[in-house]
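**Q** Pasting in a structure now, in structure tokens, and then I'll have a few things to ask.
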């Protein structure tokens with residue numbers, strides 16, 4: 001079992017994919033044995049988007065980092081798509097989220 005991880009789900013009102021993202025995050029966290037405490041962060045203004053480096057809805061921050069961030073990043077109140085094995089989707093797959101969680105966990109000091 002792994003330790004705790006700060007998990008933030010960033011979205012805006014009306015996003016059609018944030019609930020799917022939440023379900024997949026919960027599944028990925030359960031698979032990794034991490035408590036499923038997800039913080040919901042409603043992004044309402046361009047200032048909020050800047051503060052969170054919000055690349056679109058839905059986004060996830062694991063211990064403050066966006067594991068799917070593009071470079072260079074453009075932030076704003078927009079929908080976000082993810083490249084998955086099944087093509088572009090409104091949320092990463094559970095497998096992609098598990099890989100992201102494992103990658104962040106490896107960066108943690110023991």
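The values are calculated or read from the model by the stated rules, or taken from the named source; none is laboratory data. In this text the structure is predicted, and so the values were computed from the model without any measurement. Note that each Cβ is placed from the backbone with ideal geometry, even for glycine, and that neighbours are counted across all protein chains shown.
**Q** What single numbered condition from (1) in contact with a strand residue (DSSP E or B) (Cβ under 7 Å, 6 or more places away or on another chain); (2) assigned to a helix (DSSP H, G or I); (3) over 19 Å from residue 4 (Cα atoms) fails to hold for residue 91?
**A** Status for residue 91: all satisfied but (2).
**Q** Take the residues in the range 36-53 that are assigned to a loop (DSSP other than H, G, I, E, B) and modelled with pLDDT under 90; name whichever of them is surrounded by the fewest Cβ atoms within 10 Å (Cβ to Cβ).
**A** Just the residues of the range 36-53 that are assigned to a loop (DSSP other than H, G, I, E, B), to begin with: 36-37, 43-45, 53.
Within this subset, residues satisfying the condition of being modelled with pLDDT under 90 are 36-37, 53.
On the way: 36: 12, 37: 10, 53: 16.
Checking each candidate, the answer is 37.
**Q** Moving to a separate point now. Quick check on my filter: what residues within the range 54-73 are part of a loop (DSSP other than H, G, I, E, B), in contact with a helix residue (DSSP H, G or I) (Cβ under 6 Å, 6 or more places away or on another chain) and at pLDDT below 95? First the steps, then the outcome.
**A** Within the range 54-73, the subset part of a loop (DSSP other than H, G, I, E, B) is 54-56, 58, 63-64, 66-73.
Now narrow it down to the ones that are in contact with a helix residue (DSSP H, G or I) (Cβ under 6 Å, 6 or more places away or on another chain): 58, 63, 67.
Answer for the range 54-73, where residues must be part of a loop (DSSP other than H, G, I, E, B), in contact with a helix residue (DSSP H, G or I) (Cβ under 6 Å, 6 or more places away or on another chain) and at pLDDT below 95: 63, 67.
**Q** From the residues in the range 74-84 that are out of contact with any helix residue (DSSP H, G or I) (no Cβ under 8 Å at 6 or more places or on another chain) and closer than 22 Å to residue 19 by Cβ, which one is surrounded by the fewest Cβ atoms within 10 Å (Cβ to Cβ)?
**A** Of the residues in the range 74-84, the ones out of contact with any helix residue (DSSP H, G or I) (no Cβ under 8 Å at 6 or more places or on another chain) are 74, 78-81, 83.
Subset that is closer than 22 Å to residue 19 by Cβ: 78-81, 83.
Numbers: 78: 14, 79: 13, 80: 20, 81: 13, 83: 11.
That would be 83.
**Q** Now for a separate question. Scan 14, 33 and give me the residue that is out of contact with any strand residue (DSSP E or B) (no Cβ under 8 Å at 6 or more places or on another chain), within 18 Å of residue 95 (Cβ to Cβ) and in a loop (DSSP other than H, G, I, E, B).
**A** Details: 14 fails: within 18 Å of residue 95 (Cβ to Cβ).
After applying the criteria, what remains is 33.
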